[in-house]
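Presented below is the structure to which this report refers.
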2 protein chains.
Amino acid sequence: MRRWNGWGDDAIEFALNEDALAFLRARVGPGAAIGDATLAQACAAIGPSRLAPHRLIDTTPALRLQNGLGQSLPDWFKLRYGKVGAVPDGVAFPESAEQVRELLHYAERFDVAVIPHGGGTSVAGHLTVAAGMRPALSINLTRLCRMRALDKQAQLATFGAGVFGPDLEAQLRAHGYTLGHFPQSFEYSTLGGWIVTRSSGQQSLRYGRIEQVFAGGTVETPAGTLSIPTFPASAAGTDLREMVLGSEGRLGVLTEATVRISKLPEYEAFHAVFFPNWAAAETAVRELAQAKLPLSMLRLSNQLETLTMLTLAGHKRLIGALRRYLSWRGCGADTCMLMIGVSGEKAGAVAALKSALAVTRGHQGVHVGKSMGAKWKQNRYRNVYLRNAAWEHGYVIDTVETAVDWPRVEIMMLAVEQAARDALGGQGERVHAYTHLSHLYAQGASVYTTFVYRLAGDFDEDMARWRLLKGAVSEAIVEHGGTISHQHGVGVDHAPYLAAEKGALGIGAMHALFGHFDPQAIMNPGKLLAEAGGLR
Amino acid sequence: MRRWNGWGDDAIEFALNEDALAFLRARVGPGAAIGDATLAQACAAIGPSRLAPHRLIDTTPALRLQNGLGQSLPDWFKLRYGKVGAVPDGVAFPESAEQVRELLHYAERFDVAVIPHGGGTSVAGHLTVAAGMRPALSINLTRLCRMRALDKQAQLATFGAGVFGPDLEAQLRAHGYTLGHFPQSFEYSTLGGWIVTRSSGQQSLRYGRIEQVFAGGTVETPAGTLSIPTFPASAAGTDLREMVLGSEGRLGVLTEATVRISKLPEYEAFHAVFFPNWAAAETAVRELAQAKLPLSMLRLSNQLETLTMLTLAGHKRLIGALRRYLSWRGCGADTCMLMIGVSGEKAGAVAALKSALAVTRGHQGVHVGKSMGAKWKQNRYRNVYLRNAAWEHGYVIDTVETAVDWPRVEIMMLAVEQAARDALGGQGERVHAYTHLSHLYAQGASVYTTFVYRLAGDFDEDMARWRLLKGAVSEAIVEHGGTISHQHGVGVDHAPYLAAEKGALGIGAMHALFGHFDPQAIMNPGKLLAEAGGLR
């Protein structure tokens, strides 16, 4: 069953062994677990619903809680400490576009804020209800989940936007196709959520970001239905898809999306390559990304992430042997791990891998074969469970991500990590920070940093620590010219930093655009953009 | 010198030999040339400028004429018959963003319409001044043409937006790079023009459409300067680049653009393959487009275009031998020609070509080697000159293009051609129509149809014929679910058909967006969108 106060399925545990815990203790000090609140305790604090009754709206407190929070660290604190604060006043599970329209009319009539809800995996506060806000309605879209059309000739499939990743892939796989969109949240996130937050999957090098596969769809907006037809390409003015992408629920409710699919790959493999140091590794991956080779994935961990991952993996003897081999090959304490993926028709994939390995050899890369790659693939959605395990031992894990052009990639990585390490100095706390480049482009790369630090054991103090850390790393991103998000979106947590990249004129343009579709400003207020007249 | 009333350089002639003329006569009847107006005659009809004097604005009639029309057939008629009608009241050639801002302030102060001008190659009426409109100022951007930055590490280059294709490529080539954007207008169109009309180059399969290479830039808008920073990718809300792409001068003047460049390819080749019929050819190119092979170009001519091109090429003996060979290999009267391009690192390009030829062989494709491909490359920008040559013999040539998903590609091709053939039946005129798929995608293809028919010899009658034909083919596009443009943009000629794909809600969103940047509505009125309150 899905955890109500953590990540994923409660039957899945990622155990931390004694070596892993010793590593964390040495890095940030001994952790102390807190006694988590129960669901009943958390629900007890939820006030009565302020919504006028409606046949489609359920106001059960547990349901309001489950739909009212995402997976950001503040969301976790609220759940684990049982201090959930404001939640939606009700939840609807529409089963048709007509029902969505009915709910929007209801919301306009009663001046209710609408929060569209997909899988609830946001780590940026997309689902947050602000304290003191007018009544809010969560529209949970997961009952809109069926494949409605499959056009094999055009390689297009149309789904209800609330379809979860595994369900979408299963429906396509039955016909020999895949969307190929595999963000780490894949198991619990939805197609619609990917689109409105501009998600990127682990194999985007082959399949593209969600922007490249979103071909058209239907959005129910307060001003009417926006239907976006599919074209392979068009020069006819503004691309309506781009109004929906990254709109984070501000212009309406995406009910249906048509996506570009691919034939299931004949062959797929992931291979690990180690480099002696960051400089060699970064040069190699930049060359790989610019070589236009048909790879499906490139993912480079820095020295600290490589060390952390190898230590937490748990297979002490195996990892020891690997490290001795790498050391003998010149990859010592500073070694950085690259994961290379190839997918597709076998001959082409094997040739691309061969070319890629030739590039890595030119930069002292040591290829250790595909067993580590297979392990990575097997655990691709499991690593998130580390967050649950760390919590049990009194540690919190958070992440931040950006993207920058190549000349600033290393500078950004160092600046974000340093900002994190310094952020809790006033509290006498250490932060263990490590980074990978999750997505590589000819122009630059995403920079994805993970932080581990200790739970304070007090809700207010933990929120304060998180704010300090989040503020410090976000400012480092802005200062070094990065985008405030490469793949997680803006929500409320990144909204204060958006103007740095859009400018006042750009922010105004977004307001003008959303205002056209949502003249009464009922859609997801406070998310993505701060409200001009203040949040109500 | 550049032709003032036709395409390209007046030193370049594309001669039609007797066989070619006999072919045209047989298809649409004997043509009769008209006596073209002289530049002096055309200028004589231009009224006095209505603009208040400004040091940056030149009101010389010849200059106003040269900047007031593009390359659409109505534009040609106006020039050739010496009935130019309304032209801009003045032309400015700003040399800096500051001067552009100064001109925008001037335009706002005096309520002057502003028409941004790049290379003037529009075939959709982007430069047209409507009769009875308030005074209009053409801002010619071609003095903003220098490379301002080159970042080899991020493979980014920044140019003044008025740089012409050959100049841009020469500046990059000096450093070993290319943009790889080669529309047929390449020699006379500009980077800024490509961006604001969503241009697509012949090798977009490798280098991407202009949307994929436009990384950021600066737009001077009446509401202020919009600066778009470069990121390799971003999930931070609405993509500001997408507000500029396809905006056709409606939100401001693009002064500077940063583009994603590539290393000059080590190897490049174009190969011709013939198929016995359309069905085999279309199946083959769809399979090729969906195979994700690293090709740089796919361009498929239908039977009538193949016939026309081979006949007009002029090398009677050579072509005769080719046809006998093809016929012996099973490609007779219905044969269709495919051009395949590969570019890049030699081993990869050769391997991709080999894989592609294997696919074509599976569909009865006959590979005739690369000499025809080399010829195609040599003439890639020469075929447009056919328009000049045909005119001299009393024939006009026009084109229309769209894009649709695969299941409708053939239906669209047949419908557009048939609509064209029927359009002038009431006039007792025949239209020779032929088609190629210029850009191929996994999802579908562009459908690019050329028409040849006879000049009437009378301005009004020629305009009437064009209107009939344009209306008929545009309606066929809309009826069969195509976009009104795949690569030429909307301008005034396609504007009436835009609502069919955007919907009233989408059109309203575009108005809201542009209105934010241009509250006084001075920017390129009447283009792309019809004015809500009528054109003034």
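The values are calculated or read from the model by the stated rules, or taken from the named source; none is laboratory data. None of these values were measured; they are calculated from a predicted model. Cβ sites come from the backbone with ideal geometry, for glycine too, and all protein chains shown count toward neighbours.
The table below lists the values:
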read-out	value
Hits in the range A:242-261 - residues which are farther than 29 Å from B:V447 by Cβ and either hydroxyl-bearing (S, T, Y) or more than 9 Å from every other protein chain (Cβ to nearest Cβ) (or both)	A:S247, A:G249, A:G252, A:V253, A:L254, A:T255
Subset tally (residues that are outside any helix (DSSP H, G or I) and either more than 9 Å from every other protein chain (Cβ to nearest Cβ) or aromatic (F, W, Y) (or both)) for the range A:495-529	10
Count of residues meeting criterion [crowded, with 20+ Cβ neighbours inside 10 Å, assigned to a helix (DSSP H, G or I) and among the β-branched types (V, I, T)] in the range A:399-416	2
Yes/no for A:V123 being part of a strand (DSSP E or B), modelled with pLDDT of 95 or more and either among the β-branched types (V, I, T) or on the phi < 0 side of the Ramachandran plot (or both)	no
Output for the range B:270-318, where each listed residue is touching a helix residue (DSSP H, G or I) at 6+ places or on another chain (Cβ under 8 Å), in a loop (DSSP other than H, G, I, E, B) and over 30 Å from A:A291 (Cβ atoms)	B:N277, B:N302, B:A313, B:G314
Selected residue (criterion: surrounded by the most Cβ atoms within 10 Å (Cβ to Cβ)) from residues of the range B:417-429 that are small (G, A, S) and either within 14 Å of chain A (Cβ to nearest Cβ) or more than 22 Å from the chain's Cα centre (by Cα) (or both)	B:A423
Any hit, the range A:254-270, residues being surrounded by 23 or more Cβ atoms within 10 Å (Cβ to Cβ) and farther than 28 Å from B:L513 by Cβ	yes
The range A:310-325 residues that are on the phi < 0 side of the Ramachandran plot, paired with ones that are aromatic (F, W, Y) (beta carbon under 8 Å, 6 or more apart)	A:T311/A:F23; A:L312/A:F23
Any hit, the range B:515-530, residues being aromatic (F, W, Y) and out of contact with any Pro (no Cβ under 8 Å at 6 or more places or on another chain)	no
Filter result (farther than 13 Å from A:F182 by Cβ and either at pLDDT below 90 or aliphatic (A, V, I, L, M) (or both)) within the range A:362-377	A:V366, A:V368, A:G369, A:K370, A:S371, A:M372, A:G373, A:A374, A:K375
Whichever residue in the range B:369-393 is surrounded by fewer than 18 Cβ atoms within 10 Å (Cβ to Cβ) and of a type outside the set (K, R) and, among such residues, is farthest from B:T335 (Cα to Cα)	B:E392
Candidates A:V129, A:V114, A:V163, filtered to the one that is free of Cβ contacts under 8 Å to residues at least 40 places away in the same chain and either farther than 20 Å from A:M523 by Cα or over 18 Å from the mean Cα position of the chain (by Cα) (or both)	A:V163
In the range A:456-474, the residues that are surrounded by fewer than 18 Cβ atoms within 10 Å (Cβ to Cβ) and under 20 Å from the mean Cα position of the chain (by Cα)	A:R467, A:G471
Options A:V478, A:V452, A:V490, A:V447; residue that is among the hydrophobic types (A, V, I, L, M, F, W, C), assigned to a strand (DSSP E or B) and within 12 Å of chain B (Cβ to nearest Cβ)	A:V447
First in the range A:512-536 and on the phi > 0 side of the Ramachandran plot, second anywhere and modelled with pLDDT of 95 or more and of a type in the set (D, E), Cβ under 7 Å, 6 or more apart	A:N524/A:E248; A:L528/A:E248
The range A:264-282 residues that are closer than 21 Å to A:K346 by Cβ, paired with ones that are assigned to a helix (DSSP H, G or I) and among the charged types (D, E, K, R) (beta carbon under 7 Å, 6 or more apart)	A:L264/A:R173; A:E266/A:K346; A:Y267/A:K346; A:F270/A:K377
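The rows are residues; the columns are (1) assigned to a helix (DSSP H, G or I); (2) touching a Phe, Trp or Tyr at 6+ places or on another chain (Cβ under 8 Å).
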| residue | (1), (2) |
| --- | --- |
| A:I397 | no, yes |
| A:Q418 | yes, no |
| A:Y434 | no, no |
| A:G457 | no, no |
